[in-house]
Each structure stands twice: as structure tokens, then as C-alpha cells.
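Have a look at the structure below, then the notes.
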Amino acid sequence: MSHITVPEAEKLLDQEIPVLNKGFIRLVDYMGGDDRIVQTARVSYGEGTKTIRQDAGLIDYLLRHEHTSPFEHVIFEFHCKMPIFVARQWIRHRTARLNEISGRYSVMQNEFYLPPREKISLQSSDNKQGREAESVPVELQDKVLEILKNDQTSSFANYEEILGDNIARELARINLPLSMYTEWYWQMDLKNMLHFLKLRMDSHAQWEIQEYARAIATVVQAVCPKAYESFERHILRGAKFSSDEIAAINALIAGKENPLEGRRLDEFTTKLSR
């Protein structure tokens, strides 16, 4: 196999893509692309893949039928800066390799996340981990932003004061809020990256991490345009149906009442609306 470069990806190397008010993602390096997926698949499947003439067709076939081991041979390395609360959601994807800045060794920077006004919303009435789509009144927006900013300013001033007394950095940091920015280098293969994007670009994910996922998706699309197109078709905009849902589809086709109800009906309706 020869070294693979992708012109559109080369243009993105070391370019910061801004996210939120102070964050970013930056493609540090990548290995492979659509060609690498095809190469590794043909080594594995041999003559059996020659019935699919085009590389795009092969990639689409692999993704559609979940033959995803060739996707593991495409690697992304990112430098990312995000609020700590976003990082803690991000880290749930344990298949990555990463190295994060440490408050034990480094003095943290006075950089915090403040949400856009239009994203300050009430607790969702039907989603325990989410918020309503509608913004709150301007007066309440002002109140929330003032409280957040005052707490951030106070906590960092106290942090600096404790450091000034030569207290250990590992102790001085412990009251710093989740809105503080952190940074890391993050490496992940394409197979797991697509799983990350599937979950974090979903409308049920927290808006802030959706913003990072959307930024990362632009890079993935540049490195692997054929694979990303298949990902959009079969995963982002596609749907899989359970046996109960298939039975519901058959009932609807036959002119019968939908047997699903409650949350299962809501999920089924969401899939049909994609």
C-alpha cells in the first residue's frame, strides 16, 4: 500500500475550526481515506469484491452491511478545545486515544463558556437530560448569564489567589467550574468516529457537543467523502426497524391500526419522518 493523501484534507491540516465562544477543533494529522478503505477491503475479501465495480459502491456495500473493519484503517488526529462539561460527555467514547491538559502540571487559563442567549432554555418536559427548544424571556437570559459570568469570575480569582499562596496546583484547581475550557489531542479511527458522529449529531445530544460533532463531520467528509456519503445515507438519514416496528408497518399497509403506543410509537414516528 502506498501513502495516501487527500487534497481537500490537506487544506484543513492545522486549520482551527471555531466552535462555541472560545473552542475549536484542528486536524493535526490523518492516515488514509476512501482509497485505504477500498485497499484493505479488497485484501480481505479478494475476488469476491470484484463484482462491485466502483470504489463508492464497495464502500457503500461495506457500510450498509456493517462490514466495518476496513474503516478502522483510516485514522484521525485532532487537537480540540472544549468546555469541561463537553469533554466529560465526549470521553464516554472510550475507543479513542487522547492526552488532555492537566491542571496538576499547568496553570489553567481564564477561559470559560457562556451559552448563546437563544440556547438558554427551560428543562425539557419529556426529556430528563435535555432542554426545551424555545428560549426563555430576555430578563431571564440576562439573569442566567450574569450568574454564570459572576461565578466564573469569582472562582478564577480565588484560584489565582490560592496559587499566589503557593498552594499546590492540584488543589487550587478543584473548585474551578465545568464551564472552564480544557484541551486535548484526540485520535480515533473512522469506524468509531462514525459511531461518535451518529450519537453526537443526533438531536437528542446536548447542543454544545452537537456543535463539535458537526465541525468534526466537515473534516471527516473532506478525508473520506465516499464513506461519509454512505454514512449520511444509511445512518444519519436512514433507519433500522425492530420486529415490532416492521409488524406496525405491515399493519399500516394493510389499513389496520398501528399497534405501537407510548415511547415506542414516538420512536417509530421519528424514524418514519427522516
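The values are calculated or read from the model by the stated rules, or taken from the named source; none is laboratory data. Note that this is a predicted model, so its numbers are computed, not measured. We place every Cβ from the backbone using ideal geometry, glycine too, and count neighbours over all the protein chains shown.
Summary table
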{"read-out": "Test result for Leu13, touching a residue at least 12 places away in the same chain (Cβ under 8 Å) and buried (at least 16 other Cβ atoms within 10 Å of the Cβ)", "value": "no"}
{"read-out": "Criterion: in contact (Cβ under 8 Å) with a residue 24 or more places away in the chain, in a helix (DSSP H, G or I) and either in contact with a Leu (Cβ under 7 Å, 6 or more places away or on another chain) or within 30 Å of Thr5 (Cβ to Cβ) (or both) - qualifying residue of Glu229, Glu170", "value": "Glu229"}
{"read-out": "Filtered residue count, region 247-274, keeping only those that are assigned to a helix (DSSP H, G or I) and either under 30 Å from Glu8 (Cα atoms) or within 30 Å of the chain's Cα centre (by Cα) (or both)", "value": "11"}
{"read-out": "Unmet requirement for Pro70, which otherwise passes all of (1) closer than 26 Å to Arg233 by Cβ; (2) surrounded by fewer than 19 Cβ atoms within 10 Å (Cβ to Cβ)", "value": "(2)"}
{"read-out": "Test: residue in region 140-163 that is assigned to a loop (DSSP other than H, G, I, E, B) and not assigned by TED's automatic domain parsing to the domain that holds Phe71", "value": "no"}
{"read-out": "Single match in Ile52, Ile91 (criterion: over 30 Å from Ile17 (Cα atoms), surrounded by 12 or more Cβ atoms within 10 Å (Cβ to Cβ) and at pLDDT below 95)", "value": "Ile52"}
{"read-out": "Pick from region 94-132, criterion in a loop (DSSP other than H, G, I, E, B) and charged (D, E, K, R), ranking: surrounded by the most Cβ atoms within 10 Å (Cβ to Cβ)", "value": "Glu111"}
